[in-house]
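**Q** This is the structure, below, for whatever I ask next.
Any read-out appearing in this document is the output of simple, stated calculations on the displayed coordinates, not a laboratory observation. Just so it is clear, the structure is predicted and the values come from calculations on it, not from any experiment. Positions of Cβ are generated from backbone atoms using ideal geometry, with glycine treated the same way; all protein chains shown enter the neighbour counts.
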Amino acid sequence: MQQEEASIILEELRSAYPDKFTTENRVFSHIHRGDVILIASGCGEPQHLVRSLIEYVESHPKGFFDTEVIHLWSLVLAPYADDKFKRNFRHNSFFLGDSTRGAVNRGVADYSPISLSQIPRLFRRGIIAIDVALLQVSMPDRHGYMSLGVSVDMVKAATEMATTVIAQPNRHMPRIHGDSFIHISEIDYIMPFDEPLLEYRRGVGEEDSEVVASIGRYVSRLVQDGDTIQVGYGNVPNAILANLSQRRHLGVHTELMTDGLVELMKAGVIDNSRKSIDRGKSVATFCMGKRETYEYLDDN
């Protein structure tokens, strides 16, 4: 979709749904004491919404207390984990990252270890009731649908169960096919804001580089033509992918879409032609990578 067309559609939706497009003060006034707030994860974190939420708390210090902020993983932001907001937010992460580990170690935040595949069940069964969901989405199409883009993972289930859904349409968010769409009728408040997505670039220290490269060479020998692979997070999976350039007809069924997988798609190594399910399609639940990776995945 051309950006000009997307902007026109957004303005048409603004006219059709004026109550959904409103001020930050009105949006965040719907958060109450004790609410559970879910924030979309990883590179799909709605940076503008998070900043606006913090600004609201700073200007309305008695606006709400004792809320629980949950997410899968925050790459760099997580300002709600700061000690000065401990009366407003209690942070609970399903994955420990650099931005939240310190708060957990100080005892002012929580870590709930769980398999990613189990998290949607917590929401759908009401074990964790989501009061407010903050998410980032692609620009709407002419039917009013927006994609959750690079962060579908647990966010899809959260949007289905949340009492209040607040979305940030962003023209930098890729439109990803599959079960990733949310209709404007399912969103309570819309706060458009364009900003580059967070990017993930993990380097390897010199002391580890040769060890990691060796592991990658050895493990890659186990992957045969036509195999379907799942890729995890970290330097070792990246090193394995770097050694698969001579394979053919690989398939992908994974939680994480990475730069390395996309490079193998571009090279024709991954074509999903021999998968036993979802043949012809790469299946993933979230993506962490660089801007070029997001651009490749957009509407692809």
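**Q** Go through Ser276, Ala242, Ser220 and say which Cα lies farthest out towards the positive end of the charge dipole of region 206-297; charges sit on Cβ, +1 for Lys and Arg, -1 for Asp and Glu.
**A** Result: Ser276.
**Q** Output ³J(HN,Hα) for region 120-128: one whole-Hz value per residue in order, computed from phi by the Karplus curve 6.51 cos²θ - 1.76 cosθ + 1.60 with θ = phi - 60°, and x for Gly and Pro.
**A** x, 5, 4, 6, 5, 8, x, 5, 10
**Q** Provide Cys287, Cys43 in ascending order of the number of other Cβ atoms located within 10 Å of each residue's Cβ, fewest first.
**A** By the 10 Å Cβ count, ascending, the order reads Cys43, Cys287.
**Q** For region 252-266, just list the computed ³J(HN,Hα) in residue order, Karplus coefficients 6.51, -1.76 and 1.60, θ = phi - 60°, integers in Hz, with x standing in for Gly and Pro.
**A** Result, rounded to whole Hz: 10, 9, 8, 7, 10, 8, 10, 4, x, 5, 5, 4, 5, 5, 4.
**Q** Still on this model: In whole angstrom, note down how far apart the Cα centers of region 1-47 and region 175-192 are.
**A** Using only Cα atoms, the two centres lie 10 Å from each other.
**Q** Identify all aspartates and glutamates with a Cα-Cα distance to Lys266 below 18 Å; exclude those on the same chain that are fewer than 8 residues away in sequence.
**A** Result set, ordered by chain and number: Asp225, Asp227, Glu292, Glu295, Asp298, Asp299.
**Q** Out of residues 5 or more away from Ala162 or on other chains, whose amide H comes under 5 Å of its own, with H placed 1.01 Å from N in the peptide plane?
**A** Close amide H contacts, sequence-distant or interchain: none at all.
**Q** Next up: Charges on Cβ only, +1 for Lys and Arg, -1 for Asp and Glu, centred on the Cα centroid of region 3-190; of Ala129, Tyr111, Leu38, which one is farthest towards the dipole's positive end?
**A** The listed residue farthest towards the positive side: Tyr111.
**Q** Return the long-range amide H neighbours of Tyr111 (sequence gap of 5 or more, or a different chain), with a cut-off of under 5 Å between placed amide H atoms.
**A** Under 5 Å from the amide H of Tyr111 lie the amide H atoms of Ser93, each far enough along the sequence or on another chain.
**Q** Something else about it: Over all directions, the average projected area of the alpha-carbon convex hull for region 207-277 comes to how many nm²?
**A** Directional mean of the projected Cα hull area for region 207-277 stands at 4.5 nm².
**Q** Report, to one decimal in Å, the Kirkwood hydrodynamic radius for the chain based on all distinct Cα pairs.
**A** 20.3 Å
**Q** Still on this structure, I have one more. What trypsin sites (Lys or Arg not before Pro) in region 208-268 are in a loop by DSSP, with at most 11 other Cβ atoms within 10 Å of the Cβ?
**A** Arg221
**Q** If you place +1 on the Cβ of every Lys and Arg, -1 on the Cβ of every Asp and Glu, and leave all else neutral, what size is the dipole of region 3-190 about its Cα centre, to the nearest 20 Debye?
**A** 480 debye
**Q** Could you line up Met146, Met288 from fewest to most neighbouring Cβ atoms inside 10 Å?
**A** The order, fewest Cβ neighbours first, is Met288, Met146.
**Q** Now for a separate question. With θ set to phi - 60°, apply the Karplus curve 6.51 cos²θ - 1.76 cosθ + 1.60 along region 187-197 and write out the HN-Hα couplings as whole Hz, x wherever there is a Gly or Pro.
**A** 10, 8, 9, 10, 10, x, 6, 8, 7, x, 5
**Q** While we're here: Scan around Met257 for amide H atoms under 5 Å from its own, H built in the peptide plane at 1.01 Å from N, and keep only partners 5 or more places away or cross-chain.
**A** Under 5 Å from the amide H of Met257: Thr285, Phe286, Cys287, Met288.
**Q** I've got another one for you. Which entries of Lys62/Lys86; Lys20/Lys62; Lys62/Lys84 show an alpha-carbon separation above 19 angstrom in the structure shown?
**A** Values: Lys62/Lys86 12 Å; Lys20/Lys62 25 Å; Lys62/Lys84 13 Å.
From the list (Lys62/Lys86; Lys20/Lys62; Lys62/Lys84), the Cα-Cα distance tops 19 Å for Lys20/Lys62.
**Q** Ok, one more. Can you show me the helix-derived [θ] at 222 nm for the chain, built from DSSP H runs with n ≥ 4 at -39,500 (n - 2.57) apiece and divided by the number of residues, rounded to the nearest 500.
**A** Dividing the helical sum by the residues of the chain leaves -8500 deg cm²/dmol.
**Q** Taking neighbour counts of Cβ atoms within 10 Å as a proxy for exposure, in what order, fewest first, do Val219, Val165, Val137 appear?
**A** Arranged by neighbour count, lowest to highest, Val219, Val165, Val137 become Val219, Val165, Val137.
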